[in-house]
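Input: a single structure, listed below in structure tokens.
The values are calculated or read from the model by the stated rules, or taken from the named source; none is laboratory data. Model, not experiment: these values are computed from the prediction. All Cβ positions, glycine included, derive from the backbone under ideal geometry; neighbour counts span all protein chains shown.
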Amino acid sequence: MKPKALIRSFLSVLFTFGLTAGASAGSFFQAYVVVGEAGKPVARAVTTDTRCPDISIDGKPPRAMQMRAAAANVPNRGGAQTESKGVNFSVAVCDSPVPAGAKKISVAGVALPVPVAHPKRILIIGDTGCRMKGSENAFQSCNDPETWAFRTISETAAKWKPDLIVHLGDINYRESPCPADNAGCADSAWGYGFDTWNADFFQPGKALLRAAPWVAVRGNHESCIRAGQGWFRFLDPSPYDSRRSCDDPAFDTDGDFSEPYAVPIAADTQLIVFDSSKAAGKSYAAEDAAYKRYLVQLRQVDELARSKPHSFFLSHHPVLGFASGKDQTVIPGNSAMQSVMRALHPDRLFGPGIDLTLHGHVHLFESISFKSDHPSVFVGGNAGADLSRPLPAALANGAQPAPGAVVDEFFSSGEFGYLTMERAGRAWTFTEWDRHGKAMLRCGLAGAKTHCVPATEK
């Protein structure tokens, strides 16, 4: 083998197995913090070791973390594509709750980001994986950082030093094997096991995993029939439950519908996290099982929203966003979620106190504010997965994401990037950045209305 080829081969091994300082060849270790119900943080470790590592909090004697899910070969649930293979999780996942007010956390001697009670700098990303989907003959060049931008965004955004990171869903995208003649994704992992989670998430997202705690929103790529098994092992903040692990399809009626929860981010403001991973593309009939389940959970959202003056609703599917169709057509918001929400709030869809909604799913950036009484919208599904067709610079006269939702301001970008929100006093400012950290758009939020200007303007 020629020297250059030998070097490339060695680097490929490092990328695949995720070597860390002090780790032996073929080993893997990653530790991070996820935030769940009521803002409770959980330290999590992923390791090829057979025992859980020790955690130390605020200088107290180290203690072993609890085993969340041992390494295992699990049943293949990959029904989204014709190709399939065994699902191997060659790593153990360990958990440990972090007490409120903790000042210093380390796992196996590795310092973890400390949760901030009232984060002032919040990073928002979505749809980060590299698409490899045989049914659509869609194969992104995962080996090219210009074509798949998540690693660049991770490393760039980490330098912004966020207090909290929000991922709006869709992480595992490599569902089909790369064609033999495609150099852009050659030698890529695929399927739903750890090797794909490592290639799509842990390796490119390493800088952000160490930068701040995470609030993770579940996307349709993390539904039970796709990458749900990895979702519950690695990112779901609730205790692991074998009945809600997506391993057994008999329990998908629970596994695909996680309970909504709230994460306080200020004395008067909270995020409400909603699992829309199974939301269909068409309206539900009232007798549909999904309609009934979502109706119960949306009532829970209303109850959660009553606990703070201001709530930001997070779901993967944009309820009041737009998507781009063929021939420059514009597709309105998610009709499935709208059909359920109308039963509770026929006009506004969202209950009182929800000022803003944040979503992924559409691989673009969007900012929408309304003349009507609807919460403002940000769509941030542009952090890695192949981009959607651009939306028009200006919407057609009368275009509405839902009946009665009258658009006031609309901005969209078809470039890779990420969104940040910063709090000064009681005001939140949102900034859309390109993949290299150049500010593109700045938006202020007042009540349920946003006003945006190009970042070059004052």
Here the qualifying pairs (Cβ atoms under 8 Å; residues six or more apart or on different chains; first in the range 266-291 and without any contact (Cβ under 8 Å) to a residue 40 or more places away in the chain; second loosely packed, with under 15 Cβ neighbours inside 10 Å) come out as ALA289/THR253
Taking the range 234-253 and keeping only residues that are surrounded by 13 or more Cβ atoms within 10 Å (Cβ to Cβ) and part of a loop (DSSP other than H, G, I, E, B), one is left with LEU235, ASP236, PRO237, SER238, TYR240, SER245, CYS246, ASP247, ASP248
Residue pairs qualifying under the 6 Å Cβ cut-off, at least six apart or on distinct chains, with the first in the range 377-403 being on the phi < 0 side of the Ramachandran plot and the second being of a type in the set (S, T, N, Q) and part of a loop (DSSP other than H, G, I, E, B), are ALA383/THR128; ASP386/GLN140
If we keep only residues of the range 348-370 that are among the small types (Gly, Ala, Ser) and part of a loop (DSSP other than H, G, I, E, B), then the residue surrounded by the most Cβ atoms within 10 Å (Cβ to Cβ) is GLY360
Reported set for the range 394-436 where residues are under 28 Å from SER283 (Cα atoms) and of a type in the set (A, V, I, L, M) is ALA394, LEU395, ALA396, ALA399, ALA402, ALA405, VAL406, VAL407
When every residue in the range 176-207 that is part of a helix (DSSP H, G or I) and of a type in the set (A, V, I, L, M, F, W, C) is compared, the one surrounded by the most Cβ atoms within 10 Å (Cβ to Cβ) is TRP197
Within the range 151-175, residues being surrounded by 24 or more Cβ atoms within 10 Å (Cβ to Cβ) and either assigned to a helix (DSSP H, G or I) or hydroxyl-bearing (Ser, Thr, Tyr) (or both) number 4
So, first residue closer than 15 Å to ASP95 by Cβ in the range 106-117, second residue of a type in the set (D, E, K, R), Cβ within less than 8 Å, six or more apart or across chains; the pairs are VAL107/ASP54; ALA108/ASP54; LEU112/ARG210
From the option list HIS374, HIS345, single residue qualifying as part of a loop (DSSP other than H, G, I, E, B), at pLDDT 95 or above and surrounded by fewer than 19 Cβ atoms within 10 Å (Cβ to Cβ) is HIS345
Residues of the range 429-458 being more than 21 Å from ARG389 (Cβ to Cβ), surrounded by 17 or more Cβ atoms within 10 Å (Cβ to Cβ) and without any contact (Cβ under 8 Å) to a residue 60 or more places away in the chain, in sequence order, are THR431, ARG442
### Query
Restricting attention to the range 72-79, does a residue exist that is farther than 19 Å from PRO237 by Cβ, surrounded by fewer than 21 Cβ atoms within 10 Å (Cβ to Cβ) and under 22 Å from the mean Cα position of the chain (by Cα)?
yes
Considering the range 122-150, residues that are under 19 Å from the mean Cα position of the chain (by Cα) and of a type in the set (Gly, Ala, Ser), and then whichever is surrounded by the most Cβ atoms within 10 Å (Cβ to Cβ), we arrive at GLY126
Self-check item: Any hit, the range 279-292, residues being in a helix (DSSP H, G or I), touching an Asp or Glu at 6+ places or on another chain (Cβ under 6 Å) and of a type in the set (Lys, Arg)
Solution: no
Expected output for the range 330-351 (first residue closer than 22 Å to ARG389 by Cβ, partner of a type in the set (S, T, N, Q), Cβ below 8 Å, 6+ apart or cross-chain) is VAL330/SER324; ILE331/SER324; PRO332/GLN400; ASN334/SER276; SER335/SER283; ALA336/SER283
Of the conditions (1) buried (at least 18 other Cβ atoms within 10 Å of the Cβ); (2) in contact with a Leu (Cβ under 7 Å, 6 or more places away or on another chain); (3) within 20 Å of VAL379 (Cβ to Cβ), the single one that SER315 does not satisfy is (2)
Within the range 318-332, residues surrounded by fewer than 24 Cβ atoms within 10 Å (Cβ to Cβ), outside any strand (DSSP E or B) and either touching a His at 6+ places or on another chain (Cβ under 6 Å) or not hydroxyl-bearing (Ser, Thr, Tyr) (or both) come out as GLY325, LYS326, ASP327, GLN328, PRO332
Of the conditions (1) of a type outside the set (Asp, Glu); (2) loosely packed, with under 15 Cβ neighbours inside 10 Å; (3) modelled with pLDDT of 95 or more, the single one that ALA424 does not satisfy is (3)
* To do: Return yes when VAL263 is aliphatic (A, V, I, L, M), within 29 Å of GLY39 (Cβ to Cβ) and free of Cβ contacts under 8 Å to residues at least 12 places away in the same chain and no when it is not.
  => no
* Do we find a residue being hydrophobic (A, V, I, L, M, F, W, C) and surrounded by 19 or more Cβ atoms within 10 Å (Cβ to Cβ) anywhere in the range 113-120? -> no
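For every residue, the table says whether it meets (1) within 28 Å of VAL35 (Cβ to Cβ); (2) of a type in the set (A, V, I, L, M).
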{"position": "VAL301", "(1), (2)": "yes, yes"}
{"position": "SER311", "(1), (2)": "yes, no"}
{"position": "ARG342", "(1), (2)": "no, no"}
{"position": "THR357", "(1), (2)": "yes, no"}
{"position": "LEU364", "(1), (2)": "yes, yes"}
{"position": "SER372", "(1), (2)": "no, no"}
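Yes/no per residue for (1) modelled with pLDDT of 95 or more; (2) under 30 Å from GLY425 (Cβ atoms); (3) of a type in the set (S, T, N, Q):
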position	(1), (2), (3)
ASP247	yes, no, no
GLY255	yes, no, no
SER258	yes, no, yes
ALA266	yes, yes, no
THR269	yes, yes, yes
LYS282	no, no, no
GLN300	yes, no, yes
LYS308	yes, yes, no
